[in-house]
Amino acid sequence: MQSNKITTGSVLIAFGIIYGDIGTSPLYALKAVIGTKQITEDLVYGGVSAIFWTLLIQTTIKYVWLTLKADNQGEGGIFSLYALVKKYNKKLTIFALIGATALLADGILTPPISVSSAIEGLGNVEGLNTIFVPGSKITIAVIIIILSLLFVFQHFGTHTIGKYFGKIMSVWFSMLFIVGFYNIFHHIEILKSLNPYYAYKLLVEYPGGFWILSAVFLCTTGAEALYSDLGHCGLKNIRISWFFVKISLLTNYLGQAAWLLHQPSQYLDGKNPFFGMTPEWFLLPSIIIATLAAIIASQALISGSFSLINEAINLNFWPKVAVSQPSESKGQLYIPSINKLLWIGCVIVVLYFQSSENMEGIYGFFITITMLMTTVLLTFFLLYKKKWNKVFVYSIISIFFTIEITFFISNLIKLKDNYIMLFCAIIIFVIMYTWWYAKKINNKLIHFVKLNDHLKMMSELGADYNIPKFSTHLIYITKANLFYEIEEEIIHSIFSKKPKRADVYWFLKIYRTNEPYTLNYTVKKLVNDTVIKVNINIGFKIQPRTELYFKKVVKDLVKSEELKLKITPDGSTKYNPEPDFKFITIEKFLSVENEFKLKEDFFLNIYFMLKKISQKDEDTFGLDKDDLIKEYKPLIYSPIENITLTRHYND
């Protein structure tokens, strides 16, 4: 978590990380409001008025002032908020999953729409207007190349150029303000649009005005990402920097509106008012800056998606996948499988929608869903965590609900012919819900027992020479947090069927720390030289190599004479120089003895299918396969109770 101390550097970091998404909205928001409609004062005034009040109520009041209060040890985002309130209502899990699903869908849509809007601006440059036409093959090719390079670069991390993000975005916001301020003087009366009357008039009196809200909503799509990145910059830095960002955004929207009302054509005819109001001599530099800002916005959503999936893994909402840190900063995450899925999704979006204009409707649809789910969770936070007055909470929350439901309904019409993204979102939700539901069932079946109750028998087994020796060192990786507890299934593994005799029984607990290079261990000898429990603390940047760590622990204990074996210290012999040890992992499979209901059958079968493609225990913990034995235990959750089986007697 970053410090809350306000400095020039910390504010620059906020510019580079927090505001990429919402900061690039001027590239397409007002353009979407106008669309193919005739440019009139009612439309322009009403559109800008609606944008202003949306930024004020949704972004400033709901997120910057209120939602940022819901920090979980300095971290933000829908899963952090869920972790704060989940104990108050079990059904909140579904709201968190729906919100996270929509946010991941946004992570697929933001890079294409941001980069497309910027590259399509080249069509405003003389000589390039016939080449960079929205939807043309060369435009699509350039967009895909830029996006592909962006995803390839994820492997190396953003720490190298990340320090420039804030400077680039500060140039971007300065450009928004200056160009917008310059154009306001072409139609100074545009300042009247800040009156909410014009927004009301657009919604009530303008033909089809209600449905224009789906375009207005694009001005605040980055508000949820703003909350998700709370841990990177801190509350005070976000609130201070937002003041400048909001002024820049609003000034630019007003400038675009002023340009619309004094330009000669009654229709946009495919023009983008953002680039249309830019002086011709500055057009190409503005497109370059816009493209860089779009790439930074895309990077912010990609990094946010990595963080979201990492949180989902920790909350048992997503299958285990490989996670790495390309830099020493804990905020720098890289998840190869998610990177590949996001890249494929972005390319499909570009090829399917062809232009930024076609992406606008479905883009807003998913963010409204996330905002609605955040509002639900926020209600519980204010009522039960903050213990605010119920009347006040319900009053302010009802305002947010009304606005967001209105935006949601206005976006529904854009779903027509855009079902491909809805289908992708459903798949994401099914994966999350399946993993959570199956883990919940699995956790109910995990029983911890007192290790002390079995120590005597384990000592006797180790000394019983009538039983063939299984291994000198027998190691189990346990989930038990307490030194004197162990999973019942591990005890069964040691004693049932063919008992596993060993000289030393080890139980390892792996802890991942918040420091990058932590690597230490603690030891608890439960029975001298026979039963030992070890906690290994591993930094988040270190790839676990449990087998190597175990060998080091054995050597250390032998050297300090805490482990006194009667044989060669590490279990090797003159015939084999390798240590004699075995790791045991226990995997569950779906037993045929179950008789499931339809829901259980559907989700548990998907769960075990996902387990086959998720990261294996040997990869998670760093175990060599030749020293690993996998045992399989049937998962019996809903056993068949009534069996109709009769004996038939032969005459």
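The values are calculated or read from the model by the stated rules, or taken from the named source; none is laboratory data. Source: prediction; values computed, not measured. A quick note on method: Cβ atoms are made from the backbone with ideal geometry, for glycine too, and the neighbour counts reach across all protein chains shown. We work out accessible area using only protein heavy atoms, side chains counted, and drop any ligands, DNA or RNA first. Shrake-Rupley method; radii C 1.70, N 1.55, O 1.52, S 1.80 Å.
For the chain, give me the percentage of DSSP beta bridges that are antiparallel, rounded to the nearest 5 percent.
Roughly 35 percent of the beta bridges in the chain run antiparallel, per DSSP.
Would you mind estimating how fast the chain diffuses translationally, via Stokes-Einstein at 37 °C and 0.692 mPa s with the Kirkwood radius over Cα pairs, in µm²/s?
Rounded to a whole number, D works out at 118 µm²/s.
To the nearest 0.05, how large is the calculated FRET efficiency for TRP388 and TYR632 if R₀ is 56 Å and r is the Cβ-Cβ distance?
0.60
How large is the accessible surface of PHE153 in square angstrom, using a 1.4 angstrom probe and rounding to the nearest 10?
Spelled out: PHE153, probe radius 1.4 Å, area about 70 Å².
Chymotrypsin sites (Phe, Trp or Tyr not before Pro), restricted to region 195-284: which are DSSP loop and have at most 13 other Cβ atoms within 10 Å?
Here the chymotrypsin sites (Phe, Trp or Tyr not before Pro) that fit, given the DSSP loop and packing criteria, are TYR267.
With every protein chain kept in the model, how would you rank PHE181, PHE495 by accessible area, 1.4 Å probe, largest at the top?
My answer, sorted largest first, is PHE181, PHE495.
Using the structure shown, select from LYS444/LYS498; LYS597/LYS625; LYS525/LYS612; LYS86/LYS612; LYS456/LYS597; LYS236/LYS479 the pairs with a Cα to Cα distance greater than 32 angstrom.
Result: LYS597/LYS625; LYS525/LYS612; LYS456/LYS597; LYS236/LYS479 exceed 32 Å.
Once neighbouring chains are kept in place and the probe is 1.4 Å, which whole percent of the accessible area of region 152-256 is contributed by carbon and sulfur?
71 percent
Scan region 433-518 for trypsin sites (Lys or Arg not before Pro) in coil per DSSP, keeping those whose Cβ has at most 11 other Cβ atoms within 10 Å, and list them by number.
LYS497
Which value, in Å², gives the accessible area per residue of region 277-327 when a 1.4 Å probe is used on the protein heavy atoms?
Solvent-accessible surface per residue comes out at 34 Å².
Which one of TYR164, GLY622, ILE94 has its Cα pushed farthest toward the positive end of the charge dipole of the chain, where Lys and Arg give +1 and Asp and Glu give -1 at the Cβ?
GLY622
Using the Cβ atoms and a cut-off under 11 Å, what net charge is assigned to the surroundings of GLU485, where Lys and Arg are +1 and Asp and Glu are -1?
With Lys, Arg at +1 and Asp, Glu at -1, the net is +1.
What does the C-alpha gyration tensor say about the overall shape of region 105-194? Classify as rounded when a/c is under 1.5, otherwise prolate if a/b is larger than b/c, or oblate.
Here region 105-194 falls in the oblate category.
In square angstrom, rounded to the nearest 10, how much accessible surface does VAL171 have for a 1.4 Å probe?
Surface accessible to solvent at VAL171 totals approximately 80 Å².
Accessible area per residue, 1.4 Å probe, Å², for region 47-168: what's the number?
38 Å²
Considering only protein heavy atoms, what is the solvent-accessible area of HIS155 at a probe of 1.4 Å, reported in Å² to the nearest 10?
Surface open to solvent at HIS155 totals about 110 Å².
Which residues make up the longest stretch of the chain that has no GluC sites (Glu not before Pro) in a DSSP loop with at most 14 other Cβ atoms within 10 Å?
It works out to 329-560.
Per DSSP H run of at least 4 residues, take -39500 (n - 2.57); add these up for the chain, divide by its residues and hand me the 222 nm value, nearest 500 deg cm²/dmol.
Helix-only estimate at 222 nm: -17000 deg cm²/dmol.
What do you reckon, how do TRP436, TRP65 stack up by accessible area (1.4 Å probe), largest on top?
Solvent-accessible surface, decreasing: TRP65, TRP436.
DSSP loop (so not H, G, I, E, B), at most 12 other Cβ within 10 Å: list which trypsin sites (Lys or Arg not before Pro) in region 56-165 pass both filters.
LYS90, LYS91
Is the shape of region 429-532 best called rounded, prolate or oblate, per the rule: a/c under 1.5 gives rounded, else a/b larger than b/c gives prolate, else oblate, with a ≥ b ≥ c the square roots of the Cα gyration tensor eigenvalues?
Taking the square roots of the gyration eigenvalues as a ≥ b ≥ c, region 429-532 is oblate.
If ARG239, ARG647, ARG545 are ordered by their accessible area, calculated over protein heavy atoms with a 1.4 Å probe, which sequence runs from highest to lowest?
The residues order as ARG647, ARG545, ARG239, largest area first.
Near TYR19, within a Cβ-to-Cβ distance under 11 Å, what is the net charge of the other residues, with Lys and Arg +1 and Asp and Glu -1?
Result for the local shell: -1.
Given a 1.4 Å probe and every protein chain left where it sits, what share in percent of the accessible area of region 461-517 is carbon and sulfur?
54 percent
Report the semi-axes of the equivalent ellipsoid for region 252-339 in whole Å, largest first, where each axis is √(5λ) for an eigenvalue λ of the Cα gyration tensor.
Values for region 252-339, descending: 42, 15, 10 Å.
Indicate the gyration tensor shape class of region 265-310 (rounded, prolate or oblate), computed on the Cα atoms with a ≥ b ≥ c the square roots of the eigenvalues: a/c under 1.5 is rounded; otherwise a/b larger than b/c is prolate and the rest oblate.
Since a/c reaches 1.5 but b/c is at least a/b, the shape of region 265-310 is classed as oblate.
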